[in-house]
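Scroll down for the structure; my scribbles are underneath it.
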Ligand SMILES: NC(=O)c1ccc[n+]([C@@H]2O[C@H](COP(=O)([O-])OP(=O)(O)OC[C@H]3O[C@@H](n4cnc5c(N)ncnc54)[C@H](OP(=O)(O)O)[C@@H]3O)[C@@H](O)[C@H]2O)c1
């Protein structure tokens with residue numbers, strides 16, 4: 001049986017037995033590399049995929065003498081996920097910007113989507129100009145703008161990763177907040193995410209490959225007075241993404257939902273949320289969250305809560321009765 005091979009550091013212990021190149025969309029080549037050798041006293045076979053400017057992790061290993069059909073070198077399947085072109089919504093700031101940087105660093109062309117053109121242009125320039133990044137200005141609360149992004153996903157065959165990250169919160173009682181801000185939140189956090197996930201699901205399922213990464217929140221794990229609509233939108237994102245994960249897994253498409261906790265971005269200021277009483281250990285950087293999110297997507301994890309404090313919090317809150325969940329949510 002093939003299984004993930006962790007910690008294979010010394011590649012010179014591996015003797016290549018098969019090398020082959022195959023063209024990637026966009027004109028460059030990927031090299032699939034299969035080798036056999038010894039790792040910590042065990043004979044293994046391994047395979048890894050090299051793309052320009054990016055070494056992707058080895059796909060699997062097998063123990064010597066394993067002759068099951070799936071373990072034959074000739075039958076190796078490329079199960080790792082590499083991306084040619086990604087759409088990242090909400091790339092002008094915070095987690096989306098960090099995701100775009102990390103993707104560009106790994107050689108993925110990034111389509112940067114948000115409302116603030118000046119920020120997107122500056123980021124695209126920094127990432128390497130039009131070779132590396134494209135700017136698409138869109139207000140994702142606007143249904144026509146969402147359709148433009150959906151059309152791009154539908155028509156550009158190079159897009160093999162769609163990141164639904166754009167989102168915002170509004171702090172305050174439902175009875176006091178503006179109806180427009182509440183409905184815009186649903187439009188961006190839920191409606192747009194659903195439409196773009198659907199557009200990606202349709203084309204990726206047909207191709208038998210691709211990935212969707214949806215950014216949710218730990219707030220989605222409990223009904224949360226003061227951020228009632230925001231928490232409800234994120235419950236939707238987590239539930240929807242998990243169901244999509246099950247639908248698309250057998251079709252070769254990765255779907256991952258990442259539910260961050262407190263992350264140092266512009267989110268709290270924009271939500272008019274006073275986070276000054278949140279202890280330091282509860283915070284993560286946008287870079288940390290982006291790193292965890294993309295690794296989880298490559299591994300096709302269903303749901304990931306980044307950071308130990310957030311994992312413990314979600315693990316403790318999930319089994320509680322709703323009344324207690326609400327009491328806990330009120331303390332934040
Ligand atoms: N930071 C946290 O503590 C935290 C925790 C859990 C989950 N999250 C989630 O993480 C995601 C990213 O947030 P962040 O923390 O990185 O916050 P952020 O720094 O405020 O970034 C939000 C991004 O969303 C974009 N956006 C907002 N409304 C938009 C609209 N109508 N149309 C297009 N783009 C829009 C913004 O771009 P423009 O303003 O330029 O349009 C910006 O790029 C959100 O889904 C959020 O719910 C954040």
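Using a Förster distance of 22 Å, how high is the FRET efficiency between residue 274 and residue 317, based on the Cβ-Cβ distance and rounded to 0.05?
Working: r = 22 Å, r/R0 = 0.98.
My answer for the efficiency is 0.55.
Convex hull over the Cα atoms of the range 112-166, averaged projected area in nm²? Mind dumping the intermediate values first?
Working: hull surface 15.6 nm².
Taking a quarter of the hull surface, the average projection is 3.9 nm².
How high is the relative contact order of the range 180-332, given as a whole-number percent (alpha carbon pairs under 8 Å, six or more residues apart)?
On the way: 213 pairs, mean separation 40.9, N = 153.
Value for the range 180-332: 27 percent.
Work out how far the C-alpha atoms of the range 219-291 reach from end to end along every principal axis, then list the three figures in whole Å, largest first.
Computed over the Cα atoms, the extents are 45, 28, 20 Å.
Ratio to report: Rg/Rh of the range 85-330, with Cα atoms as the point set and Rh obtained by the Kirkwood method; give two decimals.
0.95
Checking a compactness column here: for the range 255-332, what do you get for Rg(Cα) / (2.2 N^0.38 Å), N being the number of residues? Don't jump to the answer; show the numbers that get you there.
Numbers: Rg = 13.7 Å, N = 78, 2.2 N^0.38 = 11.5 Å.
In units of the 2.2 N^0.38 Å rule of thumb, it is 1.19.
If you wrap a convex hull around the Cα atoms of the range 199-249, how much volume per residue is inside, in Å³? Display every interim value, and only then the final one.
Numbers: hull volume 3.4 nm³, N = 51.
Normalising the Cα hull of the range 199-249 by residue number yields 67 Å³.
Taking every pair of alpha-carbon atoms in the range 80-192, what share in percent sits in each 5 Å bin, from 0 to the bin with the longest distance?
2, 13, 22, 22, 18, 11, 6, 4, 2, 0
Could you give the radius of gyration (one decimal) and Dmax (whole number) of the Cα atoms in the range 143-280, in Å?
Computed over the Cα atoms of the range 143-280, radius of gyration and Dmax are 16.0, 48 Å.
Roughly speaking, what is the stretch gain from residue 156 to residue 116, that is 0.36 nm per residue apart minus the C-alpha to C-alpha distance, in nm to one decimal? Don't jump to the answer; show the numbers that get you there.
On the way: separation 40, 0.36 × 40 = 14.40 nm, distance 2.33 nm.
Roughly 12.1 nm would be gained on extension.
Please sort 308-319, 212-223, 106-117 by packing, taking for each peptide the average over its residues of neighbouring beta carbons within 10 angstrom, highest first.
Numbers: 308-319: 13.8, 212-223: 24.8, 106-117: 21.0.
Highest mean packing first, the order is 212-223, 106-117, 308-319.
Each reported figure results from applying straightforward, stated rules to the coordinates on display, with no laboratory input. None of these values were measured; they are calculated from a predicted model. Note that we place each Cβ from the backbone using ideal geometry, even for glycine, and neighbour counts take in every protein chain shown.
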